[in-house]
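Chemist: Provided herewith is a single structure, encoded as structure tokens, for subsequent inquiry.
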Amino acid sequence: MKTWVMTGASSGFGVEWLRELDRRQEVRWLLLVRSVEATEKMLLAHPLRGPVDLIRCDLASFTSVQAAISDIRTRAGHLDGMINNAGIFPSPDRSETEDGIEASVAVNALAPHLLFQGLGP
């Protein structure tokens, strides 16, 4: 069984992508989620065939991303793939993260980069 990490799987396009990939092949999913409750609700409506681990992660926080990387490394011996689906639109008011970075840059570009770097070989 393959092990995949996915962000942005609790709503919208991410749900459809997750369901389609699950339909094609049984996968162990490590889902990085901001809201465990919302993702659990989605999984009740759209159950998956393989095991699912929910890992709380706020992609707007580098501390949270680093904690998720550590959690993934503990739970999975290796990864077969990663889907970075989470994203946000830029705010007209220029919202910044706790790290002092414009939020859409942090979530859409830097967090996926940190995940790839932290989970690579």
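Chemist: At pLDDT 90 or above and out of contact with any Pro (no Cβ under 6 Å at 6 or more places or on another chain): which single residue out of ARG28, ARG34 fits that description?
Modeler: Checking each option against the conditions leaves just ARG34.
Yes/no per residue for (1) under 15 Å from MET6 (Cβ atoms); (2) touching a helix residue (DSSP H, G or I) at 6+ places or on another chain (Cβ under 9 Å):
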| residue | (1), (2) |
| --- | --- |
| ALA45 | no, yes |
| PRO51 | yes, no |
| ALA67 | no, no |
| ILE101 | no, yes |
| PHE116 | yes, no |
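Chemist: What number of residues within the range 12-25 are over 11 Å from HIS46 (Cβ atoms), within 15 Å of the chain's Cα centre (by Cα) and open to solvent by 80 Å² or more (accessible area, probe 1.4 Å)?
Modeler: 2
Chemist: Return the residue satisfying two criteria in turn: it lies in the range 1-30 and is in contact (Cβ under 8 Å) with a residue 40 or more places away in the chain and hydroxyl-bearing (Ser, Thr, Tyr), and of such residues it is nearest to ILE88 (Cα to Cα).
Modeler: The qualifying residue nearest to ILE88 (Cα to Cα) is THR7.
The values are calculated or read from the model by the stated rules, or taken from the named source; none is laboratory data. Quantities reported herein were computed from a predicted structural model and do not represent experimental measurements. Ideal geometry is used to build each Cβ from the backbone, glycine not excepted, and the neighbour counts take in all protein chains shown. Heads up: the accessible areas ignore ligands, DNA and RNA and are worked out on the full protein's heavy atoms, side chains in. Shrake-Rupley method; radii C 1.70, N 1.55, O 1.52, S 1.80 Å.
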